[in-house]
Amino acid sequence: MSTRVRVLVRPKAGILDPQGQAVERALPALGFDGVANVHVGRLIELDVEDPSRVAEMCERLLANPLIEDYEVVA
Amino acid sequence: MRFGVVRFPGSCDVEDALHACSLAGEAVELWHADRGLHGVDAVVLPGGFSYGDYLRVGAIARFAPVMESVFEFARDGGLVLGICNGFQILCEAGLLPGALLPNTELRFICRQVDLEVVTADTPFTREATVGRRLSIPIKHTTGRYYAPDLDAIADQVVLRYTEDHNGSSRHIAGVCNEARNVFGLMPHPEHAVDPLTGSDDGLLIFRSMSLVGAVA
């Protein structure tokens, strides 16, 4: 029996995120005004038998805690 | 001095690294899946795209079998040099402080750059004098050096760019660990070992390392 888990990984606040900035600059060019604070991260989906181990997976491999925050979404 | 250059799947600068090492000593190739370091005096992690650089640059390579031996080797004072992807791997492994992020302009950069030697008090730069300029190429997409506390690692900065190229904090191009036996840099000294290709300034690093072997 495995559980579907989603891990959201995003750049840590305060670290320059040029991808987010590029997207933020591109949207008004398409007529989408009023968009701010765009950040681009990563979604990792996995089926796990033991969801209690996901945090450790994040710390050791799925995210680099020095530069990224992660959030486990059931 | 016997250098061992590690080949990971996706390493693409092994040949130049072996050649550069052979100009300063003996050079042998090591294999990512082989824990053995085969009696080398220094380990070089070369540039490339180890394991496809999937997930994050260097994130998978850091768990390669050979890295278990590299950890022990580094802990025992062995010289470890990480170039470009090798630098990224050493940061992911926690053997060096900080991390490498995508270049500010989100583009692959390939150009000859000027570096300044910040310290000669490392086994990798002891042939240099502080302030010496080195002309060495960079070629990377993920070379923006970041560390959460730059003051804490100020004396571990070994090389700086003389101008901004990729958005690196304080123009940092290369750092060493506290014990100063592990060194990583984004520029490619192995591509600068012959005036034919523009500069032989990169030799200084390999020659410095070989001197250490002679002293020991």
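Key figures
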read-out	value
Matching residues in the range A:11-40 - criterion: being in contact (Cβ under 8 Å) with a residue 40 or more places away in the chain and either of a type in the set (Ser, Thr, Tyr) or within 13 Å of B:Leu101 (Cβ to Cβ) (or both)	A:Pro11, A:Lys12, A:Ile15
In the range A:1-14, residue farthest from the other protein chains (Cβ to nearest Cβ) [restricted to those that are assigned to a loop (DSSP other than H, G, I, E, B) and within 14 Å of the chain's Cα centre (by Cα)]	A:Ala13
Count of residues meeting criterion [over 15 Å from the mean Cα position of the chain (by Cα) and within 23 Å of B:Pro123 (Cα to Cα)] in the range B:16-50	15
Matching residues in the range A:1-14 - criterion: being at pLDDT 95 or above, out of contact with any helix residue (DSSP H, G or I) (no Cβ under 9 Å at 6 or more places or on another chain) and among the hydrophobic types (A, V, I, L, M, F, W, C)	A:Leu8
Candidate set from the range A:57-74 (those that are surrounded by fewer than 17 Cβ atoms within 10 Å (Cβ to Cβ) and within 14 Å of chain B (Cβ to nearest Cβ)); member that is nearest to the chain's Cα centre (by Cα)	A:Asp69
Those residues of the range B:84-102 which are surrounded by fewer than 21 Cβ atoms within 10 Å (Cβ to Cβ) and closer than 13 Å to B:Met186 by Cα, in sequence order	B:Pro102
Residues located in the range A:16-51, provided they are more than 14 Å from the chain's Cα centre (by Cα), within 14 Å of chain B (Cβ to nearest Cβ) and assigned to a loop (DSSP other than H, G, I, E, B)	A:Leu16
Among (1) surrounded by 19 or more Cβ atoms within 10 Å (Cβ to Cβ); (2) within 24 Å of A:Gly41 (Cβ to Cβ) - the single one B:Leu55 does not satisfy	(1)
Subset of the range B:39-75 (residues that are within 14 Å of chain A (Cβ to nearest Cβ) and on the phi < 0 side of the Ramachandran plot)	B:Tyr54, B:Arg56, B:Val57, B:Ala59, B:Ile60, B:Ala61, B:Arg62, B:Phe63, B:Ala64, B:Met67
Qualifying residue in the range B:89-107 (condition: of a type outside the set (A, V, I, L, M, F, W, C), in contact (Cβ under 8 Å) with a residue 12 or more places away in the chain and either more than 16 Å from B:Gly143 (Cα to Cα) or in contact with a Leu (Cβ under 6 Å, 6 or more places away or on another chain) (or both))	no
Residue identified as under 20 Å from B:Cys84 (Cβ atoms), β-branched (Val, Ile, Thr) and more than 17 Å from the chain's Cα centre (by Cα) among B:Thr122, B:Thr162	B:Thr162
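The values are calculated or read from the model by the stated rules, or taken from the named source; none is laboratory data. Bear in mind that the values here come from a model prediction, so they are computed numbers and not experimental data. A quick note on method: Cβ atoms are made from the backbone with ideal geometry, for glycine too, and the neighbour counts reach across all protein chains shown.
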